[in-house]
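Beneath this line is the structure, given in structure tokens, with notes to follow.
The values are calculated or read from the model by the stated rules, or taken from the named source; none is laboratory data. What you see is a predicted model; the values in this text were computed from it and never measured. We place every Cβ from the backbone using ideal geometry, glycine too, and count neighbours over all the protein chains shown. The accessibility values were calculated without ligands, DNA or RNA, using every heavy atom of the protein model including side chains. Shrake-Rupley method; radii C 1.70, N 1.55, O 1.52, S 1.80 Å.
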Amino acid sequence: MAASAPLRSLEEEVTCSICLDYLRDPVTIDCGHVFCRSCTTDVRPVSGGRSVCPLCKKPFKKENIRPVWQLASLVENIERLKVDKGRQLGEAAREQQDTRLCERHQEKLHYYCEDDGKLLCVMCRESREHRPHSAILVEKAAQPHRKKLQDQRQCIVAEFEQGHQFLREREQHLLDQLAKLEQELTEGREKYKTRGVGELARLALVISELEGKAQQPAAELMQDTRDFLNRYPRKKFWIGKPIARVVKKKTGEFSDKLLSLQRGLREFQGKLLRDLEYKTVSVTLDPQSASGYLQLSEDWKCVTYSGLYQSAYLHPQQFDCEPGVLGSKGFTWGKVYWEVEVEREGWSEDEEEGDEEEEGEEEEEEEEAGYGDGYDDWETDEDEESLGDEEEEEEEEEEEVLESCMVGVARDSVKRKGDLSLRPEDGVWALRLSSAGIWANTSPEAELFPALRPRRVGIALDYEGGTVTFTNAESQELIYTFTATFTRRLLPFLWLKWPGTRLLLRP
């Protein structure tokens, strides 16, 4: 419920200009301005060595900070008054909604004016304003809408039934193919086993006869040497393959089909959840919150990083040290979705496609050379010599991590002055992206390993459900989900310290 004008005026008087929240443990400084005690500790000293007031820029001594007990008591009373007033307004609204009375005549609403689209009581129906209009009973007016809702329900059920039927047919088709493949494998195994047993039996007979011949006297043995050579011709032992090449090929094709099914279902599930459960919203950035290190486009939907601080005036809502910016629109309920596109020099599609083709060629060469049989490669002396190079590359990657960007959501009361940790406990839920990888801003950071590097990150906020979900907006791959309890307004949040990179809000 919205607070009344006097209450809003009081709230503005007891709001801290730094954190934009109620004054907590209020203190006053030399110039007379009042802030939260914790906020004054975050005020950084200027080049002269003394801290300055964020509002009037006058220097002050931290040892002169004095508590204001009267304001602390006033804040407590205002919070209690706001809760009581909100409860009273909520109860009044529920009572009014239950009774459904005409605001003008305080009579029950029995009619619906088709010309004006309004609910009418008996007195409104007979008034000069609505007497010429076509008015019908509310129940009769609701019947076409009920029928429309029933039709829509039937359409939804029919559409999902068709989808279920299609999936059941595709499932049965793949299961039949899998059963046929299993049968071929079984038949090949039995054939291989039968022929191998027969070959072993033949060899055992030959060995037994040869051992008997070896026991004969020399004269008897030499009498039928020609017959011996004819009876035991030189024959190569049969060595068959347990799995035919055709079956191997079919197995590989089936694995490709399974991967395609998984990818298709993942994309379908992500798109369906986004379109049916979440409302896609168009968000813009708040220039008053943008750090002086950031440059915004004219439409406030694109942000770039500048190494030089370019803001002459420090706004109370502005990030000063951290290169961050908030969205201009906040959310306190519902399920909303938007996207952030990361435009980075060198992240072209052609390069990635070329890398994938090269990887595929390397895998084919390894299979032809006989290295794709599932065994791990053994370490060589060359690998040991390259350990030093790998350590240097790791150090370079750590340096690259310093140049990164963050996308996510933040509380409207998030601190914006001084060096900030930007963690969920501080009111920020975000992903950090860099050339070296992707991390969730947990404490400590959790490194993530998505299948594809996201160029466009989808952000799905479920306020009541207490989740912030990040996906690859192109492949619909789930990247990470934060779980929390939200009690304040949440705003889109961007943080950029990465030259040559742009962040764009979509749509």
Filter segment 184-232 for residues that are at pLDDT 75 or above and charged (D, E, K, R) and give the result. Glu184, Glu187, Arg189, Glu190, Lys191, Lys193, Arg195, Glu199, Arg202, Glu209, Glu211, Lys213
Looking at segment 144-162, is at least one residue under 21 Å from Arg100 (Cβ atoms), open to solvent by 100 Å² or more (accessible area, probe 1.4 Å) and not hydrophobic (A, V, I, L, M, F, W, C)? yes
Residues satisfying the stated conditions in segment 272-300, i.e. part of a loop (DSSP other than H, G, I, E, B), surrounded by 18 or more Cβ atoms within 10 Å (Cβ to Cβ) and within 25 Å of the chain's Cα centre (by Cα): Tyr278, Val283, Asp286, Ala290
For segment 157-195, how many residues are out of contact with any helix residue (DSSP H, G or I) (no Cβ under 9 Å at 6 or more places or on another chain) and in contact (Cβ under 8 Å) with a residue 12 or more places away in the chain? 3
Any chance you could count how many residues in segment 401-417 are open to solvent by 30 Å² or more (accessible area, probe 1.4 Å) and part of a strand (DSSP E or B)? 1
Positions within segment 186-196 being over 18 Å from Lys248 (Cβ atoms) and open to solvent by less than 90 Å² (accessible area, probe 1.4 Å), in sequence order: Gly196
With the condition kept exactly as written, say whether any residue in segment 60-67 is at pLDDT 70 or above, open to solvent by 70 Å² or more (accessible area, probe 1.4 Å) and under 20 Å from Asp320 (Cβ atoms). yes
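Listed here are the residues, each with its yes/no results for (1) without any contact (Cβ under 8 Å) to a residue 24 or more places away in the chain; (2) outside any loop (DSSP other than H, G, I, E, B); (3) under 40 Å from the mean Cα position of the chain (by Cα).
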residue: Glu12; (1), (2), (3): yes, yes, yes
residue: Ser17; (1), (2), (3): no, no, yes
residue: Leu20; (1), (2), (3): no, no, yes
residue: Gly32; (1), (2), (3): yes, no, no
residue: Thr40; (1), (2), (3): no, yes, yes
residue: Gly49; (1), (2), (3): yes, no, no
residue: Pro54; (1), (2), (3): no, no, yes
residue: Lys57; (1), (2), (3): yes, no, no
Limited to segment 441-467, what total is found for residues that are out of contact with any Pro (no Cβ under 9 Å at 6 or more places or on another chain), buried (at least 19 other Cβ atoms within 10 Å of the Cβ) and under 17 Å from Leu422 (Cα atoms)? 0
On the given criteria, is Gly163 more than 30 Å from Trp338 (Cβ to Cβ), part of a helix (DSSP H, G or I) and at pLDDT 80 or above? no
